[in-house]
Amino acid sequence: MRVLGIETTCDETAAAVVERLPDGSGRILSNAILSQAKRHAAYGGVVPEIASRAHVDAVDRIVAQAMQSADLTINQIDGVAAAGGPGLIGGVIVGLTTAKAIAFAAGRPFLAINHLEGHALTARLTDNVQFPYLLLLASGGHSQLVAVEGVGKYTRLGTTIDDAIGEAFDKVAKLLGLGYPGGPAVERLATNGNPERFAFPRPMVGRPEPNFSLSGLKTAVRIEAERTAPLNDKDVADLCAGFQAAVLDMVLDRVRVALSQFKTRYGQPTALVVAGGVAANMALREGLQRLSDHFRIPMLAPPLQLCGDNGAMIAWAGLERLSMGLRDPLSFAPRARWPLDENAAAPGARA
Ligand code: KG4
Ligand code: ZN
C-alpha cells in the first residue's frame with residue numbers, strides 16, 4: 001500500500017511517497033522538502049502571508065518531484081494525504097486543496113492528517129515500534145508529553161503553559177541576533193559555552209504534573225544579555241549553553257514525571273519516543289538516552305531529516321489510517337487548531 005503525503009502547515013513545502021509492507025513496517029520511496037527558512041530569516045520567525053504564497057509557488061513542483069523520485073504514476077498510489085492542521089491556515093489550505101484535487105482526479109481515497117499525529121507516528125515508520133509508548137513532542141509550535149495508545153488514541157499527560165520549546169530556542173536566538181530558525185544556532189554555540197556561568201532558573205522542576213514553562217527562562221536570558229552587553233562571542237556562547245542546560249534539566253525532569261504517570265496508568269511503555277523539530281538537538285537526545293537507560297526502556301529518535309516537518313510523516317499517518325479502513329471526505333475543512341487529545345483540559349485546570 002502506498003500513500004502520497006503533503007505537508008504545508010508551517011514553512012516547509014514537502015511531499016513524499018511512503019509504502020507500508022504487509023508486516024506493518026514502512027519504507028520511504030521519496031521525500032521532497034523545500035524549506036522557506038531563508039525567506040523568513042530577516043523577520044526572526046515565520047511570516048504567514050509569505051509562507052502561504054511560497055507554498056502556492058512550490059507545491060506542484062514538490063509533489064511532482066516526490067512522484068518522480070519514487071518512480072511511480074498516480075495510478076500506483078492507494079491514497080493521498082495532506083496535513084489538515086494545526087498550523088498557519090493559509091499554508092494548510094494550499095496543501096489540503098492540492099491533495100483533495102489529486103485524490104479526486106485520480107479517484108483515490110483522501111486523508112486529512114493531524115500534523116501532530118504525523119510527528120507522533122514517525123517512530124512506527126522508522127522503527128516499527130508497538131503501542132503504547134510515551135511521546136515527547138517538541139517543535140516550534142508544540143511541546144507535549146503524550147501517551148500514544150494507538151492510531152488516533154492519544155492522551156496528553158503534559159503540555160507547555162506558555163511558549164513551546166522550539167519557540168523558546170527561536171526567541172533566544174532572535175534576542176542574541178542569531179537568526180531563524182534558532183534551535184540549530186543555539187545548539188551549535190552552546191557546545192563551546194560554559195553552561196554554569198549564568199545561573200538560569202529551572203521552571204516547573206519538581207512539580208507533580210508534567211507541564212513545561214519557558215517564558216520565564218527566556219526573560220532571564222534577556223535580562224542577563226542586557227546586563228552583560230556589549231556581548232562578545234564568549235558571552236553569547238555562555239548564554240546559549242546556560243539556556244540549553246536549563247531547558248534540558250526542565251525537560252528531563254518533566255519526562256521523568258510523565259514516565260512514572262504513564263507506568264501507573266498504562267504499564268511499562270514500549271519506548272520513549274522524541275519527535276518534532278527540537279528532536280534534532282543532540283544534547284536533548286543524549287539526556288533522553290540516559291534517562292531511558294535508567295528506566296530500562298528503549299529511546300527512539302527519528303533520523304534528522306524526519307525530525308522537522310516533512311511529507312513522509314503525513315504519508316505514513318495516512319497509511320496507518322487507510323489500513324484501518326479510514327478515509328476523509330473532500331469536504332474536510334482546514335483547521336488552524338486541532339489538538340491531538342481532544343479531551344485534554346487546559347494545563348492547571350481541573351478535569
Ligand atoms: O517540527 P518543526 O520543524 O516545525 C514545527 O512544527 O514547529 O520544528 C521547528 C522547531 C524550531 O523552533 C527550531 O528552532 C527547532 O524546531 N529546532 C531545534 C533544533 N533544530 C530545530 N531546537 C533545538 N535544537 C535544535 N538542534
Ligand atoms: Zn511540526
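The values are calculated or read from the model by the stated rules, or taken from the named source; none is laboratory data. None of the values given here were measured: they were computed from a predicted structure. Cβ coordinates were reconstructed from backbone atoms using ideal geometry, including for glycine residues, and neighbour counts include every protein chain displayed. The protein model used for the area step is the full one, side chains on, heavy atoms only, and it has no ligands, DNA or RNA in it. Shrake-Rupley method; radii C 1.70, N 1.55, O 1.52, S 1.80 Å.
Considering every residue within region 125-136, establish whether at least one is in a helix (DSSP H, G or I), among the polar types (S, T, N, Q) and open to solvent by 20 Å² or more (accessible area, probe 1.4 Å). Steps first, please.
First, pick out the residues of region 125-136 that are in a helix (DSSP H, G or I): 125-127.
Next, only the ones that are among the polar types (S, T, N, Q) stay: 126.
Add one more test, that the residue is open to solvent by 20 Å² or more (accessible area, probe 1.4 Å), and what stays is 126.
Within region 125-136, one or more residues are in a helix (DSSP H, G or I), among the polar types (S, T, N, Q) and open to solvent by 20 Å² or more (accessible area, probe 1.4 Å).
Restricting region 334-344 to residues that are surrounded by 11 or more Cβ atoms within 10 Å (Cβ to Cβ) and more than 15 Å from the chain's Cα centre (by Cα) leaves a set whose member that is nearest to residue 149 (Cα to Cα) is 341.
Cβ-Cβ contacts under 6 Å between residues 6 or more apart (or on different chains), taken from a first residue in region 125-150 that is at pLDDT below 95 to a second residue that is charged (D, E, K, R) and open to solvent by 10 Å² or more (accessible area, probe 1.4 Å), are listed as 140/167.
The combined condition, being within 12 Å of ligand 2 (Cβ to nearest atom) and in a loop (DSSP other than H, G, I, E, B), is fulfilled by residue 308. Here residue 148 meets the list (1) in the same structural domain as residue 288 (by TED's automatic domain parsing); (2) open to solvent by 50 Å² or more (accessible area, probe 1.4 Å) almost entirely, failing just condition (2).
Looking at 313, 282, 324, can you tell me which residue is open to solvent by less than 50 Å² (accessible area, probe 1.4 Å) and modelled with pLDDT of 95 or more? Give the derivation first.
Values: 282 fails: open to solvent by less than 50 Å² (accessible area, probe 1.4 Å); 324 fails: open to solvent by less than 50 Å² (accessible area, probe 1.4 Å).
Exactly one of 313, 282, 324 is open to solvent by less than 50 Å² (accessible area, probe 1.4 Å) and modelled with pLDDT of 95 or more, namely 313.
In region 156-168, of all residues being hydrophobic (A, V, I, L, M, F, W, C) and open to solvent by less than 20 Å² (accessible area, probe 1.4 Å), the one that is nearest to ligand 2 (Cβ to nearest atom) corresponds to 164. The set of residues from region 97-124 being assigned to a helix (DSSP H, G or I) and more than 16 Å from ligand 1 (Cβ to nearest atom) comprises 97, 98, 99, 100, 101, 102, 103, 104, 105, 106, 124.
For region 314-327, the criterion of being outside the structural domain of residue 32 (by TED's automatic domain parsing), more than 17 Å from residue 129 (Cβ to Cβ) and within 12 Å of ligand 1 (Cβ to nearest atom) is met by no residue. Just one of the listed residues (141, 107) is open to solvent by 50 Å² or more (accessible area, probe 1.4 Å) and not assigned by TED's automatic domain parsing to the domain that holds residue 316, and it is 141.
Mind counting the residues in region 319-351 that are assigned to a helix (DSSP H, G or I), touching a helix residue (DSSP H, G or I) at 6+ places or on another chain (Cβ under 9 Å) and not charged (D, E, K, R)? So that I can check it myself, show each step before the final result.
Step one: filter region 319-351 for residues assigned to a helix (DSSP H, G or I), giving 319-322.
Keeping just the survivors that are touching a helix residue (DSSP H, G or I) at 6+ places or on another chain (Cβ under 9 Å) gives 319-321.
After this cut, where a residue has to be not charged (D, E, K, R) as well, the list is 319.
The qualifying residues number 1.
Within the option set 112, 120, 58, 101, being more than 17 Å from residue 12 (Cα to Cα), over 19 Å from the mean Cα position of the chain (by Cα) and at pLDDT 95 or above holds for one residue only, 101.
Summed over region 209-266, residues that are out of contact with any strand residue (DSSP E or B) (no Cβ under 8 Å at 6 or more places or on another chain), buried (at least 20 other Cβ atoms within 10 Å of the Cβ) and polar (S, T, N, Q) total 1. Annotation note: of 171, 153, the sole residue that is closer than 15 Å to residue 247 by Cβ, away from ligand 2 (no atom under 16 Å from the Cβ) and over 15 Å from the mean Cα position of the chain (by Cα) is 171.
Show me the helices (runs of 4 or more DSSP H) entirely contained within region 163-238 in which 3 or more residues are touching a Ser or Thr at 6+ places or on another chain (Cβ under 8 Å).
On the way: elements: 165-175, 182-190, 215-228.
By residue number, 165-175.
Which strands (runs of 3 or more DSSP E) sit wholly inside region 4-91 and have at least 2 residues that are open to solvent by 40 Å² or more (accessible area, probe 1.4 Å)? Explain how you work it out, then say what you get.
Details: elements: 12-20, 26-35, 79-85.
Fully inside region 4-91 and qualifying: 26-35.
For region 291-305, how many residues meet the condition of being in contact (Cβ under 8 Å) with a residue 12 or more places away in the chain, more than 13 Å from ligand 1 (Cβ to nearest atom) and not in a loop (DSSP other than H, G, I, E, B)? Give the steps one after another, and end with the answer.
Taking region 291-305 and keeping what is in contact (Cβ under 8 Å) with a residue 12 or more places away in the chain, we get 291-292, 295, 297-305.
Pick out the ones that are also more than 13 Å from ligand 1 (Cβ to nearest atom) and you get 291-292, 295, 297-300, 303.
Then keep just the ones that are not in a loop (DSSP other than H, G, I, E, B); that gives 291-292, 295, 299-300.
Count: 5.
Cβ-Cβ distances below 9 Å connect the following pairs, each with a first residue in region 165-194 that is at positive phi, a second residue that is open to solvent by less than 50 Å² (accessible area, probe 1.4 Å) and away from ligand 2 (no atom under 16 Å from the Cβ), and a separation of six or more residues or different chains: 177/236; 179/41; 179/44; 179/173; 179/185.
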